[in-house]
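The values are calculated or read from the model by the stated rules, or taken from the named source; none is laboratory data. Just so you know, these numbers come straight off a predicted model, no measurement behind them. Every residue, glycine among them, receives a Cβ derived from its backbone with ideal geometry; neighbour counts consider all protein chains shown.
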Amino acid sequence: MADMDTEGAAARRDLAVRAAVEQGLVGGAGTAEPLTCLLDTAGIRASAAALTGAFAAALPPGTPVLHAFAVKAAPLVPVLRLLADAGLGSEVASPGELALARAAGVPAGRTVLDSPAKTVAELREALELGIALNADNPQELARLDALVGRAPASTAAPVGLRINPQTGAGAIDALSTATTTSKFGFALRDPGAREWLVRACLDRPWLTRLHIHSGSQGVPLALIAEGVRELHALAEEINAAAGRRRIDTLDIGGGLPVNFASDEATPTFAQYVAALREAVPALFDGSYGLVTEFGRSLLAKHGLVLARVEYTKTSGSRPIALTHAGVQVATRTAYAPAAWPVRILPYDAKGAPRTGDPVAQDIAGPACFAGDLLAVARELPRLAPGDLIGVPDTGAYFFTAHYGYNSLPRPAVHGFTVTDAGEVRFRLVRPAQDVSEIVSEAGGDLRDALL
């Protein structure tokens with residue numbers, strides 16, 4: 001995550017909330033949208049600079065490094081364009097994500113394709129365009145055997161193998177990619193697997209990379225570093241068997257955890273690099289090119305969901321604030337609140353931080369199921385209709401991975417900057433979804449198709 005100015009980011013956020021109300025982006029009933037989402041442009045740039053700077057400080061000059069942003073974390077073309085301008089590429093996992101990266105102007109040579117279920121067409125396209133790709137399993141490798149010889153020699157698409165080091169799970173099982181039975185990659189510790197992988201690379205001169213993704217939310221730095229150490233050791237074994245440096249690049253993935261408990265940005269990218277240097281010092285001797293694939297840790301701290309309190313009520317003596325932010329933007333929180341708790345920032349109807357004695361109250365969303373809750377018995381100043389709630393740390397996976405329950409529309413996303421004079425300027429990143437678009441997506445033009 002970014003080594004960022006926490007106080008400055010919080011101050012920008014409060015300025016943006018007030019400006020969003022004043023400029024009519026969100027607010028009172030009948031006059032503005034009940035839900036909008038904000039991205040702090042300066043914060044995003046600071047994250048990108050912290051990432052690139054942490055690795056540049058640890059590597060010999062001239063070491064090839066590509067920091068590829070995981071598009072799934074924020075699949076928005078203007079965001080990908082901003083990150084590209086800050087020196088980052090894109091890691092994609094589907095034809096749709098590849099199309100977004102290309103629309104943002106990310107060059108093929110700064111794009112990496114990862115997916116456990118790539119089609120022949122996706123593999124062929126990557127080879128033809130010169131997009132780096134990582135094979136996930138022996139059957140995919142067999143497909144590549146048939147395709148590589150037909151790819152134009154001028155593309156020279158880098159090809160690697162995704163390795164599952166089987167180093168263990170973090171605190172969230174569903175996000176742990178390096179478990180014994182993970183669906184991702186070649187299982188390194190299965191009987192005979194290591195020898196098979198060495199032979200596979202020796203038999204294919206065009207395999208020049210190894211890839212791993214051992215981190216994610218809930219995974220400690222030491223466990224992430226253990227996976228990278230296993231990857232480096234395998235590369236050294238392959239190169240020793242080949243008698244030369246056959247593997248020249250290590251893609252160490254991403255998955256740096258995010259602190260959702262406060263504004264503090266920790267762990268930092270500098271701390272991540274320090275953990276890697278301690279566990280795998282040879283990783284930084286310049287003998288291998290490096291690729292990273294961070295997503296959540298680059299964007300999370302720089303997003304804010306901002307929603308109007310529509311009604312308040314009491315049930316079983318507990319106050320409940322009914323808002324327009326729920327499962328559609330915070331899906332993981334609604335379904336797995338213990339693993340994905342969020343903070344709630346209370347604001348009054350003018351966008352100023354609300355003060356007052358704290359009262360335990362539920363913060364509920366608009367969807368028609370009982371679990372659509374952002375917080376339960378949360379101690380906050382008592383909210384009233386017309387107030388606003390802010391949900392920080394939502395710049396990755398929250399409002400960009402919309403969940404269409406109840407056909408709730410996708411909210412608008414606005415990027416903002418704050419001038420030295422304190423003026424907040426907004427730029428539309430994604431427009432709010434109109435109900436006519438919902439009807440169209442639901443087959444509205446095919447109304448009589450089943451009659």
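Residues that are without any contact (Cβ under 8 Å) to a residue 60 or more places away in the chain, within 30 Å of residue 40 (Cα to Cα), within 25 Å of the chain's Cα centre (by Cα) and surrounded by 23 or more Cβ atoms within 10 Å (Cβ to Cβ): does segment 243-252 have at least one? Scanning segment 243-252, I find at least one residue that is without any contact (Cβ under 8 Å) to a residue 60 or more places away in the chain, within 30 Å of residue 40 (Cα to Cα), within 25 Å of the chain's Cα centre (by Cα) and surrounded by 23 or more Cβ atoms within 10 Å (Cβ to Cβ), so the answer is yes.
Could you grab me the full set of residues in segment 351-409 that are charged (D, E, K, R) and either assigned to a strand (DSSP E or B) or closer than 27 Å to residue 73 by Cα (or both)?
Taking segment 351-409 first, the residues charged (D, E, K, R) are 354, 357, 362, 372, 378-379, 382, 387, 393.
Residues satisfying the conditions are 362, 372, 378, 379, 393.
The residue pairs whose first member lies in segment 2-20 and is closer than 16 Å to residue 303 by Cβ, whose second member is surrounded by fewer than 19 Cβ atoms within 10 Å (Cβ to Cβ) and at pLDDT below 95, and whose beta carbons are closer than 7 Å, counting only pairs six or more residues apart or on different chains, are 6/263; 6/264; 9/263; 10/263; 15/422. For segment 309-326, the count of residues that are touching a residue at least 12 places away in the same chain (Cβ under 8 Å), closer than 30 Å to residue 24 by Cα and of a type in the set (S, T, N, Q) is nonzero.
The residues on offer are 401, 349, 360, and the sole one that is surrounded by fewer than 22 Cβ atoms within 10 Å (Cβ to Cβ) and under 23 Å from the mean Cα position of the chain (by Cα) is 401.
Under the condition of being among the small types (Gly, Ala, Ser) and within 20 Å of the chain's Cα centre (by Cα), which residue from segment 109-151 is surrounded by the fewest Cβ atoms within 10 Å (Cβ to Cβ)? My answer is 117. Inside segment 59-104, residues that are under 17 Å from residue 116 (Cα atoms) and either in contact with a His (Cβ under 7 Å, 6 or more places away or on another chain) or charged (D, E, K, R) (or both) make up a count of 3. Taken over segment 352-385, the criterion of being among the small types (Gly, Ala, Ser), in contact with a strand residue (DSSP E or B) (Cβ under 8 Å, 6 or more places away or on another chain) and more than 24 Å from residue 396 (Cβ to Cβ) is satisfied by 356, 360, 377, 384.
From the residues in segment 277-310 that are basic (Lys, Arg) and assigned to a helix (DSSP H, G or I), which one is farthest from residue 265 (Cα to Cα)? Among those that are basic (Lys, Arg) and assigned to a helix (DSSP H, G or I), it is 277. You will find that of 83, 100, the residue that is touching a residue at least 12 places away in the same chain (Cβ under 8 Å), touching a Phe, Trp or Tyr at 6+ places or on another chain (Cβ under 8 Å) and under 26 Å from residue 303 (Cβ atoms) is 83 and no other. Just one of the listed residues (265, 300, 307, 270) is surrounded by fewer than 24 Cβ atoms within 10 Å (Cβ to Cβ) and of a type in the set (Gly, Ala, Ser), and it is 270. The listed residues are 450, 428, and the only one of them that is modelled with pLDDT of 95 or more and within 23 Å of the chain's Cα centre (by Cα) turns out to be 428.
Count of segment 22-63 residues, restricted to those that are touching a strand residue (DSSP E or B) at 6+ places or on another chain (Cβ under 9 Å) and of a type in the set (Ser, Thr, Tyr), is 4.
I'd like to check something: does segment 405-413 contain any residue that is within 19 Å of residue 18 (Cβ to Cβ), surrounded by fewer than 21 Cβ atoms within 10 Å (Cβ to Cβ), assigned by TED's automatic domain parsing to the domain that holds residue 335 and modelled with pLDDT of 95 or more? Among the residues of segment 405-413, at least one is within 19 Å of residue 18 (Cβ to Cβ), surrounded by fewer than 21 Cβ atoms within 10 Å (Cβ to Cβ), assigned by TED's automatic domain parsing to the domain that holds residue 335 and modelled with pLDDT of 95 or more, which makes the answer yes.
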